[in-house]
Structure formats: structure tokens, C-alpha cells
Amino acid sequence: MKDRYGRNIDYMRLSVTDRCNLSCDYCSAGKKDTGTNPLSKDQILAIASAASSAGITKFKLTGGEPLMRSDLPEIIKSIKSLPGVVSVTLTTNGVLLSDKCEELKDAGIDLINVSIDTCDKKEYQTLTGSDKLTKVIEGIRACIANGIRVRINTVNRGSKTDVISLVKFADSLDVDLRFIELMPIGKARDMKGSPNLDIMKTLENEFGTGTEDEAKGNGPARYFSFPKLKIRVGFISALGEGFCDECNRLRVTSDGKLKPCLCFGDVIDLNGALKLEAGTREEALVKLIKEAVDSKPERHTFGTPDGITETRGMDYIGG
Ligand code: SAM
């Protein structure tokens, strides 16, 4: 699907729950019941089926913490079997990964992003409210042993991010790492990260001059190789200019609201269409998905806080 600005929209982030077993200070309030009703498995599959008919080929399952849903492997397997679907990937904090990775492998997961913002156990506990870093690392190793592609995502929290230690840690696991600029959404609305450019300078001082890799992932990440590293380091520079030009995505919240852009509160509610009979439901959902593509704004306004109309948290939206 092309939007009004010629961008090809082929990627959907589907949030399957807004509950989380961590409470990162910039993201989630942790183990909460927010009173919103998460979509059922059948509703998620109806949305995914309509999205694939409309032209979405890549799905990312997110949350809250998606591994808290016991039916996640069935959801993955069913989305994978839809016509035209190229990849189904997952973003997780990794706490439950070692227990679930075989089920995820059997379901056909294509890639797992594990979110780790620090490799220091004490700081991990302060940031997330949990002492589960060792368990997360166990989960990454279990995925590698099972032949599942893994990548680490680190939110760039400015001076709080120990860039060199994190990159050495990822290199020791032989897993690519991406730095994501902190976006002023939800609990992070008034927080300041730092530009990814600063991280690049730190990396080049330590590991040699970076060379940009041609191969791209599902979105706006740019990847670099460094002479002294086995792994590639990626950058998702959400506040930079180029970010929106590369935007290829729609988001669905855990309670069935379709979001054309992360920055704005505007949503298209899918719940009415989800109540229709199966025969008419798909057609109604496809129409709403196309409407969302047509209404995608050209760019976010993260640089001018008054323009940000999204008031809900990232744990609700799914990142
Ligand atoms: N619990 C899962 C996880 O940890 O990956 C999925 C949900 S979480 C909301 C998805 C991603 O969004 C995580 O990598 C998290 O660090 C990131 N995130 C949360 N708030 C953010 C913010 N304000 N700016 C940038 N990334 C953010």
C-alpha cells in the first residue's frame, strides 16, 4: 500500500497485551491491570488476515510483554500461514524467553528483538524493578542454540547508557545491537535522551571507523560494521529528519485501535468491524486499514512537544 507521500506501508506492529512483567522508568508501570480489554486471539487473527489482504507482509508482535500471553505461539503460527506474509517477528524484554523459545521456534518465529538497556545487574534492577537480567541472557542463549535470530534493542537514555559495555556485551553474545533514540511518548514525555550521533562518535573512538551496511531491516534502522567488532550496530534515530521518510508502518494497540503515526492521538477503532460476521468483517477491516494508510501524516512533531497529541504510554501502544 502506498500512502499520500509515496511510502510503501507493508509493516504492522500488533500489540497483544498492555500488561508487562517489568516496570522500566520511561515506559511501563509494570504488572498492572489497566482495565482495557486485550484483543482475543481470533480478533488479532482477523486483523492480521485483513492486513495481509491489504498488503501488509511483515508483522511485529509487541506489548506490554507479549510473552505473557500463553496463546502467543498459536498467534504466530496462524499469522505465518496467511498468504503473502514474509515475516513474523517479536519484541520482548526476554524475561520469559528461555521457557518459551522452543514453542516460538516451532511456531516459526523469524526474529526476536530483546530489549536490554543495561548489562549491569544492579542498574537493570533499578531501571526495570526486576533482578531478571541473568534470566534474559539465558533466554538469548537458548534462542541462539535453537537457531532463532536474535537482536538486542537498547533505548538511548543519554548519559545513563553505558555504550561501550553494552556493545562489548552484545559482541560477546554475537548478537547485533541497535540503539533507539528515546521518544517523548508516555512516561518519557519530559525525559531527554541524547542523539544517536553521540553514540556513533563514542563507538568510532573505541572500535574504529564505522562502515554503513547496505542491508536494511524492517524499518528505518541504519547498520554499521566496525573493525574491532564481530557484530553490527544499528541506529534508529527517531528524532532525526530521515526517520519519517522511511516510515513503513501501522500500529494496532492491544485494545484494537489502529494508529497511523506514533506521535499523534488519532486512532481508527477496529472494534466495530471486529463485531461483524466473518463474511463482512474482513472487507470492513481492509477498508479501515486503507483509511489509516491514507491518513498517515508526513512526519512526527517530536521536536515540538506541544504538537505531540498522543497521551497514552508506550506499553499500551507497543513501541
Ligand atoms: N515488552 C516488550 C519489549 O520490552 O520489547 C515490548 C513492548 S516495549 C513498549 C517495545 C520497545 O519500546 C522496547 O524496546 C522499549 O524499550 C521501547 N520503548 C519504550 N518506550 C520508549 C520510548 N519512549 N522511546 C523509545 N523506545 C521506547
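Answer yes or no: is there a residue in the stretch 131-153 that is open to solvent by less than 20 Å² (accessible area, probe 1.4 Å), assigned to a helix (DSSP H, G or I), out of contact with any Phe, Trp or Tyr (no Cβ under 7 Å at 6 or more places or on another chain) and under 20 Å from ASN205 (Cβ atoms). There is no residue in the stretch 131-153 that is open to solvent by less than 20 Å² (accessible area, probe 1.4 Å), assigned to a helix (DSSP H, G or I), out of contact with any Phe, Trp or Tyr (no Cβ under 7 Å at 6 or more places or on another chain) and under 20 Å from ASN205 (Cβ atoms). Take the conditions (1) touching a strand residue (DSSP E or B) at 6+ places or on another chain (Cβ under 8 Å); (2) more than 16 Å from the ligand (Cβ to nearest atom); (3) part of a helix (DSSP H, G or I); VAL85 misses just one of them, which is (3). Beta carbons closer than 7 Å, at least 6 apart along the sequence or on distinct chains, pair a first residue in the stretch 189-216 that is loosely packed, with under 12 Cβ neighbours inside 10 Å with a second that is modelled with pLDDT under 95 and not in a helix (DSSP H, G or I) for GLU212/ARG222. Looking only at residues of the stretch 273-319 that are among the hydrophobic types (A, V, I, L, M, F, W, C), modelled with pLDDT under 95 and closer than 16 Å to ARG251 by Cα, we find that the one that is surrounded by the most Cβ atoms within 10 Å (Cβ to Cβ) is ILE317.
Looking for something in contact with a Gly (Cβ under 8 Å, 6 or more places away or on another chain), small (Gly, Ala, Ser) and surrounded by 21 or more Cβ atoms within 10 Å (Cβ to Cβ) - is there at least one such residue anywhere in the stretch 95-111? Looking through the stretch 95-111, none of the residues is in contact with a Gly (Cβ under 8 Å, 6 or more places away or on another chain), small (Gly, Ala, Ser) and surrounded by 21 or more Cβ atoms within 10 Å (Cβ to Cβ). Here SER23, SER40 are screened, and the one residue that is without any contact (Cβ under 8 Å) to a residue 12 or more places away in the chain and either within 16 Å of the ligand (Cβ to nearest atom) or open to solvent by 30 Å² or more (accessible area, probe 1.4 Å) (or both) is SER40. Please find, among THR202, THR126, THR154, the residue that is at pLDDT 95 or above, among the polar types (S, T, N, Q) and more than 16 Å from the ligand (Cβ to nearest atom). Going through THR202, THR126, THR154 in turn, just one is at pLDDT 95 or above, among the polar types (S, T, N, Q) and more than 16 Å from the ligand (Cβ to nearest atom): THR202. Selection of the stretch 212-232 for residues being touching a helix residue (DSSP H, G or I) at 6+ places or on another chain (Cβ under 9 Å), modelled with pLDDT under 95 and basic (Lys, Arg) yields only ARG222. Once the stretch 43-78 is narrowed to residues that are without any contact (Cβ under 8 Å) to a residue 40 or more places away in the chain and open to solvent by 10 Å² or more (accessible area, probe 1.4 Å), the residue that is nearest to LYS290 (Cα to Cα) is SER52. Checked against (1) within 14 Å of the ligand (Cβ to nearest atom); (2) in a loop (DSSP other than H, G, I, E, B); (3) open to solvent by 30 Å² or more (accessible area, probe 1.4 Å), PRO184 passes all but condition (3). Taking the stretch 222-247 as the range and being part of a loop (DSSP other than H, G, I, E, B), surrounded by fewer than 19 Cβ atoms within 10 Å (Cβ to Cβ) and in contact with a strand residue (DSSP E or B) (Cβ under 6 Å, 6 or more places away or on another chain) as the test, only LEU239 passes. Hey, does the stretch 53-63 have a residue that's farther than 30 Å from LYS132 by Cβ and either in a strand (DSSP E or B) or touching a strand residue (DSSP E or B) at 6+ places or on another chain (Cβ under 6 Å) (or both)? Looking through the stretch 53-63, at least one residue is farther than 30 Å from LYS132 by Cβ and either in a strand (DSSP E or B) or touching a strand residue (DSSP E or B) at 6+ places or on another chain (Cβ under 6 Å) (or both). Answer with yes or no whether ASP117 is modelled with pLDDT of 95 or more, part of a loop (DSSP other than H, G, I, E, B) and surrounded by fewer than 19 Cβ atoms within 10 Å (Cβ to Cβ). In short, no.
The values are calculated or read from the model by the stated rules, or taken from the named source; none is laboratory data. Just so we're clear, the structure is a prediction, and the values are computed from it rather than from any experiment. Neighbour counts run over all protein chains shown; Cβ positions are idealised from the backbone, glycine included. The accessibility values were calculated without ligands, DNA or RNA, using every heavy atom of the protein model including side chains. Shrake-Rupley method; radii C 1.70, N 1.55, O 1.52, S 1.80 Å.
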